[in-house]
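The values are calculated or read from the model by the stated rules, or taken from the named source; none is laboratory data. This is a predicted model, so every value here is computed, not measured. For neighbour counting, all protein chains shown are included, and Cβ atoms are generated from backbone atoms with ideal geometry for every residue, glycine included.
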Amino acid sequence: MPTIIRFHQLGGPEVLRFEEVAPQEPANGEVRLRVQAAGLNRAEALFYRGQYLEKAKLPSRIGYEVAGVVAAVGEGVDSGWIGKKVATIPAFGMNQYGTLGEQAVVPAFALTEYPANLTPEQAAAAWMQYLTAYGALVFYGKVSAGDFVSIPAASSSVGLAAIQIVRDAGATAIAVTRTSAKKDELIALGAHQVIVSGEEDYTARMQEITGGKGTRLIFDPVAGPYVETLATGAAQDSILFIYGGLSMQPTPFPLMQSFRTGLSVRAYTLREITTKPERLAVAKKYVFDRLADGRFVPKIAKTFAYKDTVEAYRYLESNEQVGKVVIRVS
């Protein structure tokens, strides 16, 4: 029988368990995948720790992103999907549709075919990151040539996707990272400039890089007190997108800087794209086309065997990686 990953209590990666299950039959509007690879996300670590927006209903499956082959379809789903190589878009809750395991049942609307030039590992490492960055920077932010864009936590998979999106638009990607350990790699991966926030004066460096203009878009998953510092480097009529709360600290509103520059501070989640079919269709094509022609290339930090899933999540939580952590399932 196939195995899946599930947890019965909250805690660290050690709560994850391999469990044998019978093949699950997809219901109306669903498909069953034979999973080949899985991409890991920080949201999943928060989920099994009980710190995510969606609270786990125990016992719970886990996982948003997998690539695999459609093995069966439920009522109302085109049988032409069977046998196709697909990836999942994180357009569902993990309580209902956790994906990590040898099989996964997901809603058909969350499927996407991926370009033939991608491996299953790359396909499982693409959609969360590029769609998340697309929504803030392209759909809302209208990033364009001449813009300066500040990207904190730039070595994350979403941060690297943001760098590629900014470059593709002809704008300037300014990576922000805490230590100099990842600086050279960030430059190699496309950042035009890198600010080492733990070692440099962010405001002074931003003024130097932008010629005193400041950055029009800020794309931040950390939140917390550093938001006030990010605001000091903002341009007139700029937008600070906060798409996560990794600091786990209260986030002040930078009122005085907003008075000075007209800075807008906006919470943003991927659901703003995935729950709107017309938006999602445009976003999928945007990402697919750029994956297919090589403008976008997912960066895989490290690939783990399925049996080493717990160790893979430990590595994810170490913050050592640059790019996506991936599990090869079959």
May I ask you to say which residue of 71, 45, 38, 104 is over 25 Å from residue 290 (Cα atoms), in contact with a Leu (Cβ under 7 Å, 6 or more places away or on another chain) and surrounded by 21 or more Cβ atoms within 10 Å (Cβ to Cβ)? 104
Read through the list (1) of a type outside the set (Phe, Trp, Tyr); (2) modelled with pLDDT of 95 or more; (3) more than 19 Å from the chain's Cα centre (by Cα), then give the number of the only condition that residue 87 fails. (3)
List every residue pair whose Cβ atoms sit under 6 Å apart, with the two residues 6 or more apart in sequence or on different chains, where the first one lies in region 317-330 and is small (Gly, Ala, Ser) and buried (at least 20 other Cβ atoms within 10 Å of the Cβ) and the second, anywhere, is modelled with pLDDT of 95 or more and in a strand (DSSP E or B). 323/300; 323/301
Kindly indicate whether any position in region 93-100 is free of Cβ contacts under 8 Å to residues at least 60 places away in the same chain and in contact with a Gly (Cβ under 8 Å, 6 or more places away or on another chain). yes
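Scanning for something on the phi < 0 side of the Ramachandran plot and of a type in the set (Asp, Glu), does region 297-310 turn up at least one residue? Step through it out loud before you land on a result.
Start the filter on region 297-310 by keeping residues that are on the phi < 0 side of the Ramachandran plot, which leaves 297-310.
Okay, now just the ones that are also of a type in the set (Asp, Glu), so 308.
Scanning region 297-310 turns up at least one residue that is on the phi < 0 side of the Ramachandran plot and of a type in the set (Asp, Glu).
Does region 241-251 include one or more residues that are assigned by TED's automatic domain parsing to the domain that holds residue 181 and not in a loop (DSSP other than H, G, I, E, B)?
Restricting attention to region 241-251, the residues satisfying the condition of being assigned by TED's automatic domain parsing to the domain that holds residue 181 are 241-251.
With the extra rule that they be not in a loop (DSSP other than H, G, I, E, B), the set shrinks to 241-242.
Scanning region 241-251, I find at least one residue that is assigned by TED's automatic domain parsing to the domain that holds residue 181 and not in a loop (DSSP other than H, G, I, E, B), so the answer is yes.
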Hey, could you check region 269-291 for residues that are hydrophobic (A, V, I, L, M, F, W, C) and closer than 16 Å to residue 136 by Cβ and say which is surrounded by the fewest Cβ atoms within 10 Å (Cβ to Cβ)? 282
Considering only residues that are without any contact (Cβ under 8 Å) to a residue 60 or more places away in the chain, more than 25 Å from the chain's Cα centre (by Cα) and surrounded by 14 or more Cβ atoms within 10 Å (Cβ to Cβ), which ones fall in region 11-26? 19
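Quick grid of which residues meet (1) modelled with pLDDT under 95; (2) within 21 Å of residue 139 (Cα to Cα); (3) not hydroxyl-bearing (Ser, Thr, Tyr):
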site: 164; (1), (2), (3): no, yes, yes
site: 178; (1), (2), (3): yes, no, yes
site: 185; (1), (2), (3): no, no, yes
site: 190; (1), (2), (3): no, no, yes
site: 196; (1), (2), (3): no, no, yes
site: 201; (1), (2), (3): no, no, yes
site: 231; (1), (2), (3): no, no, yes
site: 234; (1), (2), (3): no, yes, yes
Could we say that residue 205 is assigned to a strand (DSSP E or B), charged (D, E, K, R) and surrounded by 16 or more Cβ atoms within 10 Å (Cβ to Cβ) here? no
Go through (1) touching an Asp or Glu at 6+ places or on another chain (Cβ under 7 Å); (2) within 30 Å of residue 214 (Cα to Cα); (3) of a type outside the set (Lys, Arg); (4) in a strand (DSSP E or B) one by one and return the number of the condition residue 322 breaks. (4)
